[in-house]
Structure formats: C-alpha cells, structure tokens
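A short write-up of the structure that comes next.
The values are calculated or read from the model by the stated rules, or taken from the named source; none is laboratory data. These figures come from a predicted structure and were not determined experimentally. As a convention, Cβ positions derive from the backbone with ideal geometry for all residues, glycine included, and neighbour counts pool all protein chains shown. Heads up: the accessible areas ignore ligands, DNA and RNA and are worked out on the full protein's heavy atoms, side chains in. Shrake-Rupley method; radii C 1.70, N 1.55, O 1.52, S 1.80 Å.
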Amino acid sequence: MADQGQPQAGMQGRGFQVRQVTNIQASWQERQRGEEGLFTLQLILDNGVEEYIMEPDAEDLEPLLKLFKISRHTTFDLERKVLMFSSLGIE
C-alpha cells in the first residue's frame, strides 16, 4: 500500500493553494480623460485570510460578474491564478 503522506510522482514540491472566494469588491479607475479606464476586482479569500487583485478587461468583466452571481461556491487557485466556479445555478 502506498504511503498517503508521500507526494505522488510528478507532484513533488507542488502544493496547491486554493481558497474560497467569500466576497468581491469591484472598482473602476479613470486613467486619462476620454480613454478606457481600469477595472479591478478585489477577491476576498477565506473571509480575509488573503486577498488578490484582478484587473480584467472590460470585455471579461461582465461574464465574470455573471459567473460570480450564479455560482454557489467559487474558489481561487493562488498559484495558477485560476477562478473555479462550482454549483452553478443554471435555470
């Protein structure tokens, strides 16, 4: 039987750091008058244990906000910079 405490082949030194997104804060900042602004999403992870700032393009912001709205559980992998939406409430 394999030792459960030992990392598997190919996974040595690789630790995933996945946290639950417990809140988000969206903001928009003007750069130059008449030019595109900067959107930011502040991800509050595990009730403030960590935070991460994303700077999505305007085209990506609306779909991201929709996914946050319909997801019942969202996690973020800090190492790979991946948002994972689960339990999507599709009607």
(Q) Looking at segment 62-90 only, could you name the residues that are of a type in the set (S, T, N, Q) and closer than 16 Å to Ile44 by Cβ? (A) Ser71, Thr74, Thr75
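To keep it simple, each residue is scored yes or no on (1) in contact with a helix residue (DSSP H, G or I) (Cβ under 6 Å, 6 or more places away or on another chain); (2) at pLDDT 95 or above; (3) loosely packed, with under 14 Cβ neighbours inside 10 Å; (4) of a type outside the set (A, V, I, L, M).
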| site | (1), (2), (3), (4) |
| --- | --- |
| Gln32 | no, no, yes, yes |
| Gly37 | no, no, yes, yes |
| Leu41 | no, yes, no, no |
| Asn47 | no, yes, yes, yes |
| Tyr52 | no, yes, no, yes |
| Glu55 | no, yes, yes, yes |
| Ala58 | no, no, yes, no |
Q) How many residues does segment 25-63 hold that are in contact (Cβ under 8 Å) with a residue 24 or more places away in the chain, under 15 Å from Thr74 (Cα atoms), in contact with a Leu (Cβ under 9 Å, 6 or more places away or on another chain) and not aromatic (Phe, Trp, Tyr)? A) 3
Q. How many residues are at pLDDT 50 or above and open to solvent by less than 100 Å² (accessible area, probe 1.4 Å) if we restrict to segment 1-30?
A. 13
